[in-house]
Structures are given as C-alpha cells and as structure tokens.
1. What are the residues in segment 131-157 that are surrounded by 13 or more Cβ atoms within 10 Å (Cβ to Cβ), more than 16 Å from the ligand (Cβ to nearest atom) and assigned to a loop (DSSP other than H, G, I, E, B), if any?
2. Quick one: which residue in Tyr37, Tyr69 is within 16 Å of the ligand (Cβ to nearest atom), surrounded by 14 or more Cβ atoms within 10 Å (Cβ to Cβ) and hydroxyl-bearing (Ser, Thr, Tyr)?
3. Condition check: more than 24 Å from Asp76 (Cβ to Cβ), modelled with pLDDT of 95 or more and in contact with a Phe, Trp or Tyr (Cβ under 6 Å, 6 or more places away or on another chain). Does Val164 satisfy that?
4. What is the one condition in (1) surrounded by 13 or more Cβ atoms within 10 Å (Cβ to Cβ); (2) over 24 Å from Gly117 (Cβ atoms); (3) free of Cβ contacts under 8 Å to residues at least 12 places away in the same chain; (4) more than 16 Å from the ligand (Cβ to nearest atom) that Phe85 does not satisfy?
5. Working only within segment 42-66, note down all residues that are outside any loop (DSSP other than H, G, I, E, B) and touching a residue at least 24 places away in the same chain (Cβ under 8 Å).
6. Return only the number of the condition from (1) more than 7 Å from the ligand (Cβ to nearest atom); (2) touching a residue at least 12 places away in the same chain (Cβ under 8 Å); (3) in a loop (DSSP other than H, G, I, E, B); (4) closer than 23 Å to Arg186 by Cβ that Val164 does not satisfy.
7. Output yes when any residue across segment 19-39 is part of a helix (DSSP H, G or I), over 17 Å from Leu177 (Cα atoms), at pLDDT 95 or above and not hydroxyl-bearing (Ser, Thr, Tyr), and no when none is.
8. Taking Leu124 as meeting all but one of (1) away from the ligand (no atom under 13 Å from the Cβ); (2) closer than 24 Å to His32 by Cβ; (3) in a helix (DSSP H, G or I), write down the number of the exception.
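The values are calculated or read from the model by the stated rules, or taken from the named source; none is laboratory data. As the structure is a prediction and not an experimental result, all values here were calculated from the model. Cβ placement follows ideal geometry from the backbone for every residue including glycine, while neighbour counts extend to all protein chains displayed.
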Amino acid sequence: MKVISFLGSPRVDGNTELLLNEAIRAIQEQGHEVQTYKLNLMRIKPCQDCGGCDKTGVCIINDDMTEIYREIREADRIILASPIFFFGMSAQAKAMVDRCQSFWCEKYLLKKTIPEGSYGRKGLLMLVGGMKKDIGIECGDATAKAFFRTVSVPTHEVLGFLGVDAKGAIADHPTALKDAYEAGKRFVQQ
Ligand SMILES: Cc1cc2nc3c(=O)[nH]c(=O)nc-3n(C[C@H](O)[C@H](O)[C@H](O)COP(=O)(O)O)c2cc1C
C-alpha cells in the first residue's frame, strides 16, 4: 500500500508534526512505509490560474509539484496535516492544494478519474488550532474535501484538535496523540 503525507506546518516539531508522527508510527507498525512531504521546505509556486492545464490536465509550472503530482496519482492513502491559520489550512498546505487544479481539469473537464488500486483510495485530514472555534475545522475541512474529491479520494476522516497553541502542547492533550495513533492504524486497515 502506498501511503503519502503532507505536513503543512512551518513549525518544526510543532503540534501538527507531533500529531502526524503518531499516525505515521501506527501505519509503519502495520508494515507500511510513509513518504512525508514537508511543504514548508518545498518549492511550490502558488497556482497562477494561467489556464495551462485546462486542455491537458497537466500543470505547466516546473517545480516540486512535479513529484507530488506523481505521488498523488499513485497513492492509496493520503494524509493532509495542517495547523489552522486564520480559520483555514496553512498557506503551505493551500498552495499545494490549489496546484491540484490540474487534477480538477483532468477529472471534471477531461472526465478522467485517477484509477484506484486494489486498496481503494482514502484520505485523512489532521488539523490543529489554537483557538476553541469550530469554524477553523469547518473551513479547513471544506478545502480538504474539495482537494480529496478532486484527486479522486472519495472518503476522508477528519481529526481536529482545538485549543492547542504553544509549541508541543498537543502532548498535554488528554487524547490527541492516542487518537492520531488509532486513526493511523485504522487508515491502513481495509
Ligand atoms: C498565522 C497564524 C494564524 C493562526 N490562526 C488561527 C486560527 O484562525 N484559528 C486557530 O484556532 N488557531 C490559529 N492559530 C494558532 C495555531 O493554529 C496553533 O498555534 C497551532 O497549534 C499551530 O500548530 P503547529 O505547532 O503545528 O504549527 C494561528 C497561528 C498562526 C501562526
């Protein structure tokens, strides 16, 4: 099973990364490798709405998305993990998502969906917010839903934690790390 994950937080060893690592640990214990993309360290230009992908479904920008496009196409499981910034996912995560406009053209204009392998395609959204306001999760999930459906992932689980602000504070949350571990385990069971 091919599992990939996207880390949308710029904060090294921050709450999102700690949470994601717990899910990854569970997945690895189930015998699967996880390829993680730390979006903050990658060269990903925001979508230019140039129309270059309209007729082909192929983005004409040459940067680190080239590898990500291939990985998304081949993945059986995709994790998107992001802090909540201004009631949505981080700019790092959103830039990657917006660049999937080429998949949108492929699916909705050219009527081609990404074929699923024998494990099906599933998504997992992980969000961490400092405030106790549900709208952060609602807005983050709205974008994530558009992303997952666009890349032909028909279902995704949402794991969101609010009121977690200081670096590393997720470790003090009563259930978050355990919840992430359990979600990771479930994620690769068929
Ligand atoms: C630019 C910025 C915007 C933020 N906006 C929100 C917000 O709208 N809602 C919220 O719940 N938390 C917000 N936060 C707090 C972060 O979501 C919180 O600190 C989170 O734990 C960061 O996760 P990380 O350690 O993985 O980066 C914001 C933080 C930053 C730096």
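1. Val151, Ser152, Val153
2. Tyr37
3. no
4. (4)
5. Met65
6. Just one mismatch for Val164, condition (1).
7. yes
8. The single condition Leu124 does not satisfy is (3).
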